Amino acid sequence: MGFERVAIFGLIDADLESTSTGTLTLSTDLPGNAMAVRETKTIPATGRRVVRFRLLGTTKGHLYKLKIVPTGSGVIRLYGARIWARVLPGNAWAWYVVPVPPTPEEWTAQPLPIPRTPEEWTAARLPIPETPEQWTAQPLPIPPTSEEWKPEPLPIKPTPANPEWVNIEVDS
Amino acid sequence: MAFRKVAQFKEISIEYISPDAAGSLRFFTDLPGNHLATRIGTKVLTATNADKTPNTITFPLVDGNGAPLEGTLYYPRVDPPVTGALQLRSGVVWVRPIGVYLDGTLGEFFETLPISIGV
């Protein structure tokens, strides 16, 4: 989205901390209607504070772009930034917030993934066989009486069909 | 724009039961150095009551300069006493992500898109 009115830039404030120096560059699209670096500033090594960079006073553009680079092995923590600008042909200066991902002031509690110990007690059944509520018929070991009759022969010696000769001893 | 999400760590609280003897806690992060290393040494989880009621103990997570620990990764480690058991009930770490964290060793930088002041 382009805008017809041009702004002139005067100051940049950066809320940061830096373990070593760094570089801040401001690019604009004027003159030439192409984004180009117009200002280069050195970020000092510092604890967290608002560092103010005074610009030339002639830097202008429809659009601006801010870039921050740490030097060497340094670390920069950037908490916020704003730019002091005046819209031409007006004469009112104002701060405009530069969109920087926010760092919350509050700490957030992050639960550790520890399995929860329940507050309630849980019944754990012991492996004892259950006693049933109902009575169960248990047959006694009595041999069953057969339903059928079975012939039982009497102990009578049968009469043979042919006579059996018997030797009778005779006195001699 | 190229940067990672780095969090700062303020403190850690642990609820535990260790009636036999003291346990220990260590806290590892990957910054500085981009490798996970213990950052607060070994902290003592003091022995708790013999009736096995839990203790809650809190340790600050700061470096030698008193600054909050930082990292893209972290993990706590709890060791039981050599002579007994330790029950770990719960734990919490207080964190906040840093909006823009630029590490020069990784060539990171912050850059906005072209912005109009909106007029």
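The numbers here are math on the coordinates, done by the rules we state, and not lab data. Everything quoted here is computed from the prediction, not taken from an experiment. Heads up, the Cβs are rebuilt from the backbone with ideal geometry, glycines too, and the neighbour counts pull from every protein chain shown.
Assorted remarks:
- Cα gyration tensor shape for segment B:17-84, rounded if a/c is under 1.5, else prolate or oblate: prolate
- Each Lys or Arg adds one and each Asp or Glu subtracts one; over the other residues with Cβ under 12 Å from the Cβ of residue B:44, this totals +1.
- Taking the number of Cβ atoms within 10 Å of each Cβ as an exposure proxy, the fewest-first ranking of A:171, A:13, A:29, B:79 is A:171, B:79, A:13, A:29.
- Neighbouring partner chain Cβ atoms per residue of A:69-76, average, 10 Å criterion: 6
- Here's the picture: charge each Lys and Arg Cβ at +1 and each Asp and Glu Cβ at -1 in the protein assembly as shown, and of A:161, A:112, A:70 the one pushed furthest to the positive end of that dipole is A:70.
- The convex hull built on the alpha-carbon positions of the protein assembly as shown has an orientation-averaged projected area of 48.0 nm².
- Inter-probe distance in nm under a simple model that places probes 7 Å from Cα toward Cβ, at residue B:24 and residue B:112: 5.0
- Average beta carbon contacts from partner chains per residue of B:74-81, 10 Å cutoff: 1
- Under the simplified labelling scheme, the residue A:125-residue A:147 pair shows an inter-label distance of 4.2 nm, with each label point 7 Å from Cα along Cα→Cβ.
- Linear extension gain, residue A:88 paired with residue A:168, 0.36 nm per residue minus alpha-carbon span: 11.9 nm
- Choice from B:95, B:82, B:62 showing the highest fluctuation, given a GNM over chain B with Cα pairs closer than 10 Å: B:82
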